[in-house]
Number of protein chains: 2
Amino acid sequence: MADQQNVCPRFHRAVELIGKRWTGAIIRILQNGRARFNSIAAAIPELSDRMLAERLRELENERIIARTVIPETPVRVEYELTEKGKALDAAFCAIARWAETWVEPASEPTKEAAPALSETVVADR
Amino acid sequence: MADQQNVCPRFHRAVELIGKRWTGAIIRILQNGRARFNSIAAAIPELSDRMLAERLRELENERIIARTVIPETPVRVEYELTEKGKALDAAFCAIARWAETWVEPASEPTKEAAPALSETVVADR
DNA sequence: CGGGATCCGAAAGGATACTG
DNA sequence: CAGTATCCTTTCGGATCCCG
């Protein structure tokens with residue numbers, strides 16, 4: 001019957017952290033190596049500069065990514081995962097595997113085709 | 001150097017789905033068995049009824065949970081994970097493991113104690 | 001290039017009251 | 001018990017301009 005204890009606060013923080021809008025995508029990109037601001041922006045076209053900057057700062061505050069300034073002209077700024085960030089790899093792989101199996105790539109193209117939830121009613125148990 | 005291809009849309013959908021506010025916690029609760037509306041609500045005190053109802057409907061539309069109505073008086077409604085929902089278990093376990101290692105349980109209690117990000121500047125590379 | 005500052009409309013979310 | 005409806009506040013996020 002599974003009576004519920006409260007959700008583990010650590011888990012809750014974690015899932016709300018990596019699940020926050022765009023952070024998943026950003027981390028995913030940094031998982032194949034360090035990248036520059038515009039490089040990340042180019043990989044996520046729907047994401048505005050402002051949002052990207054905001055999310056990068058948040059992730060930096062969480063110590064998931066590290067920011068490195070290289071004072072050339074023009075300046076170059078690189079982002080990369082910290083140890084904490086790299087440790088997320090296993091979790092992200094697990095999510096990716098689930099997505100491959102269960103999530104259709106496109107959005108809902110055949111709206112009529114979907115069987116429209118059947119109300120499951122049980123006489124008794 | 002890791003030049004970026006776009007983020008896999010399946011992965012992106014998945015992470016934004018399970019990462020949406022509260023959905024992680026709700027799924028987590030259902031992972032130890034089916035539960036009723038008020039039971040879930042009790043396990044997540046910060047979550048309002050309206051939000052819970054909304055998230056449950058969304059998860060039902062995604063076929064991650066199933067809703068069963070048992071017409072007693074008063075009515076009883078039970079929620080449980082579908083196969084798609086149960087398949088999330090591995091991913092959630094991976095996240096939980098990461099959280100145990102890297103996320104402190106409480107929020108930031110010692111605000112001054114935090115060393116306040118060091119600006120990493122590299123002379124050159 | 002890599003952002004920060006500001007403005008503003010849209011959307012999410014909380015509080016409360018009510019219903020079958 | 002399991003929600004809906006309504007209102008109202010807060011936040012999110014896009015657009016635009018600016019700076020070192």
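Read-outs: derived from the displayed coordinates by stated rules, not from any lab. Being a predicted model, the structure only gives us computed values, none of them experimental. Methodologically, a virtual Cβ is constructed for each residue, glycine included, from the backbone with ideal geometry; neighbour enumeration extends over all protein chains shown.
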Out of the GluC sites (Glu not before Pro) in segment B:32-79, which ones are loop residues according to DSSP with at most 10 other C-beta atoms within 10 Å? B:E46, B:E72
Got the B:R57 label distances to the other copies yet, label 7 Å along Cα→Cβ, in nm, shortest first? 3.5
Debye intensity ratio in log₁₀ form over the Cα atoms of segment A:1-96, taken at each q of 0.11, 0.15 Å⁻¹: -0.36, -0.62
Closest approach to the A-B rotation axis by any Cβ of A: residue and distance in angstrom? A:G19, 1
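Quick check on my link table: of A:K20/A:K86; A:K84/B:K84; A:K86/B:K86, which ones sit more than 20 Å apart, alpha carbon to alpha carbon?
A:K84/B:K84; A:K86/B:K86
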Put a label point 7 Å from Cα along the Cβ direction on A:E80, then list its distances to the equivalent points in the other copies in nm, shortest first. 4.9
Give the nm distances, rounded to one decimal, from A:E46 to the matching residue in every other copy, measuring between label points 7 Å along Cα toward the beta carbon; shortest first. 2.6
Can you work out ³J(HN,Hα) from phi for every residue in segment A:73-88, in order, using Karplus 6.51 cos²θ - 1.76 cosθ + 1.60 and θ = phi - 60°, giving whole Hz and x for Gly and Pro? 10, x, 4, 10, 10, 10, 10, 8, 6, 7, 4, 4, x, 5, 5, 6
